[in-house]
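Heads up, the thing below is written out as structure tokens.
Where a number appears in this text, it was derived from the coordinates with a stated rule and is not lab data. Not measured: the values here are computed from a predicted model. Here Cβ is always computed from backbone atoms with ideal geometry, including for glycine, and neighbour counts include all displayed protein chains.
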Amino acid sequence: MTQRDERAPLSDLVALIVHDLRNPLATISANLSFVREGVAGLDSELGEALHDVDEALSQLTHDLEQLEWIGRWLGGQAASLGRSGDARTSVEAAARPMGDAIELDLPDGPVLVVRTGPPLTCLVELLLRN
């Protein structure tokens, strides 16, 4: 049995979990939009609560994308194509949502890597969060 074959069941399980979680997430998101339209301008506290739910849904969607990326990687598949470029861009994008919680000390010149873009940003963000 190859390494790909040994990891395939875990990769398939992760893909199934991500798929199954996206369905209720889409329903919640659609209903949130409906509620937001129905109560627009009525109550600032309700508006804040809806905003908080929207932020949580965005974070959950992002987390599912990361989980899907990890699942593909575990299965020996390319997480996504990516491209050659400067890794600093991906590191900065991963750190941006964390605001002042993290201080970057990056080299002045480019840090060239074979794969940059969303896959590298996802990996760096996972490392920073943990």
Most packed first (mean Cβ within 10 Å per residue), the peptides 61-67, 50-56 order as 61-67, 50-56
For Ser29 and Asp105, what is the calculated FRET efficiency with R₀ set at 41 Å and r taken between the beta-carbons, to the nearest 0.05? 0.65
In order through region 27-38: 3J(HN,Hα) via Karplus (6.51 cos²θ - 1.76 cosθ + 1.60), integer Hz, x for Gly, Pro: 5, 4, 4, 5, 5, 4, 4, 4, 5, 4, 5, x
